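See below for the structure under consideration.
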Amino acid sequence: MTDPRDRDPYFSEERTDSQPHPAPPPQRPPQYPQGYDPNLPPLQPQSPYPPLPQPSRARQDIPSAHVVRPPKRTPKSGWRKALYMGSGKLINPGESPAERRQRELIGRVNQPLRGCFKIAMLSLKGGVGKTTITTTLGATFASLRGDRVIAVDANPDRGTLSQKIPIETTATIRHLLRDADKITRYSDVRAYTSQGASRLEILASEQDPAVSEAFSERDYLRAVSLLEHYYNIVLTDCGTGLMHSAMKGVLDLADALVVVSSGSVDGATSASATIDWLEAHGYGDLVKRSIVVINSVRPKAGSVDLDKLAAHFAARARTVCRIPFDPHLEEGAEIELDRLEPDTRLALLELAAAMADAFPSKA
Ligand SMILES: Nc1ncnc2c1ncn2[C@@H]1O[C@H](COP(=O)(O)OP(=O)(O)OP(=O)(O)O)[C@@H](O)[C@H]1O
Ligand SMILES: [Mg+2]
């Protein structure tokens, strides 16, 4: 057989990685110090190459971020963009403070997440926006992050979560649990969920109230232990009330809570009562990791001082976020992030960034 080097002018024994190793020293036959013994195991040939550099040495490299000046970012809107475009891209006034803020928030939303982060939305009072916040927060995460985000309807009384995105399947959490043994891949779970334009997936609840009443803590634990293999963020839309059958499971698994309050006095009183109940039932640590959302379900705050309300909750929870009244959310139908007012989108970005600050990013 001919040597390939004789045939192929491009044949080379040199390695093609960016750090070529020195040419190997000439091969010598293995040395047997005590003379050759055919019963001994064969000697391991020594590598002709020096050991590869270890990571500690690689750290001596000059990081490109230290020596390459970052390019000045171009403005995306307003007079800055007009000036930039009008000058034929010769004058670049840079980003506006609002654009910088938005970029900083998106960076926080995108921070790395190890494992599966579980967020539960709850409130003692109905109609304050739990389902709306579950969908919009989930959609904000899903649209900005590359990983998978799912919202689960754990509402015992005919939850409305599945009405917030275009429905792709009539399957519910009950069907998923029934077929759990057959689920081995993401595409298997996907058959039970609906996905919106934001990439947020939704797992619907049982629509027959008689059946959903029987949805137990054990069912919830089984569903989440299945989902956590395939999703990085699981949001749970809880029903009103803290005593329903799956609630203990929801709270025991949650990494963080969103306690939703409306901007009215009775809404805030209920949110405070929710926090009292959680603290009295051993969930004080979870409360400290929770975010209170003051959601304006009405266009005007009336005589309620929202700043005072926010200060009240700030003393009890990790952070307080405010979601403004939004005509698109008021429709109570399918939610598309593109149709929200800029202020609402910014508020959701702030909520998602505050939530992402609690992600465990290290092992
Ligand atoms: N930020 C908002 N701006 C305008 N309207 C809103 C906003 N948030 C919620 N709404 C309105 O309030 C209604 C109730 O919201 P949602 O269904 O999210 O509340 P909920 O707490 O999940 O209710 P339930 O306890 O019945 O499950 C929505 O259908 C919508 O009309
Ligand atoms: Mg709801």
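The values are calculated or read from the model by the stated rules, or taken from the named source; none is laboratory data. Here the structure is a predicted model, which means the values were calculated and not measured. Positions of Cβ are backbone-derived with ideal geometry, glycine not excepted, and every protein chain shown enters the neighbour counts.
Things to note:
- Considering residues of segment 55-74 that are modelled with pLDDT under 85 and in contact with an Asp or Glu (Cβ under 9 Å, 6 or more places away or on another chain) only, the residue farthest from GLU99 (Cα to Cα): LYS72
- Among the candidates GLU341, GLU336, the residue that is touching a His at 6+ places or on another chain (Cβ under 9 Å) and away from ligand 1 (no atom under 12 Å from the Cβ) is uniquely GLU336.
- Any hit, segment 297-311, residues being surrounded by 15 or more Cβ atoms within 10 Å (Cβ to Cβ) and within 16 Å of ligand 2 (Cβ to nearest atom): yes
- When segment 99-140 is filtered for residues that are assigned to a helix (DSSP H, G or I), among the charged types (D, E, K, R) and more than 16 Å from ligand 2 (Cβ to nearest atom), the ones remaining, listed by number, are GLU99, ARG100, ARG101, ARG103, GLU104, ARG108.
Residue-by-condition table, conditions (1) closer than 21 Å to LEU124 by Cα; (2) aliphatic (A, V, I, L, M):
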| residue | (1), (2) |
| --- | --- |
| VAL287 | yes, yes |
| VAL292 | yes, yes |
| ASP307 | no, no |
| HIS312 | yes, no |
| ARG318 | yes, no |
| GLU330 | yes, no |
| ALA333 | no, yes |
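- The criterion of being more than 13 Å from ligand 2 (Cβ to nearest atom), crowded, with 16+ Cβ neighbours inside 10 Å and not in a loop (DSSP other than H, G, I, E, B) does not hold for LEU83.
- Matching entry among GLU330, GLU336 (being within 16 Å of ligand 2 (Cβ to nearest atom) and of a type in the set (D, E, K, R)): GLU330
- Evaluation of LEU309 against (1) within 25 Å of ASP252 (Cβ to Cβ); (2) assigned to a helix (DSSP H, G or I) (one fails), failing number: (1)
- Within segment 134-167, the set of residues being among the β-branched types (Val, Ile, Thr), surrounded by fewer than 24 Cβ atoms within 10 Å (Cβ to Cβ) and within 9 Å of ligand 1 (Cβ to nearest atom) comprises THR160 only.
- Only one of the numbered conditions (1) more than 12 Å from ILE323 (Cα to Cα); (2) within 13 Å of ligand 1 (Cβ to nearest atom); (3) without any contact (Cβ under 8 Å) to a residue 40 or more places away in the chain is not met by ILE294, and that is (1).
- Within segment 155-206, considering residues that are within 16 Å of ligand 2 (Cβ to nearest atom) and β-branched (Val, Ile, Thr), the one nearest to the chain's Cα centre (by Cα): ILE202
- Taking residues in segment 154-172 that are in the same structural domain as ARG190 (by TED's automatic domain parsing) and of a type in the set (A, V, I, L, M, F, W, C), and partners anywhere that are near ligand 2 (Cβ under 9 Å from one of its atoms) and in a strand (DSSP E or B), the pairs with Cβ atoms closer than 9 Å and at least 6 places apart or on different chains are ALA154/ASP237; ALA154/CYS238; LEU161/ASP153; LEU161/ASP237.
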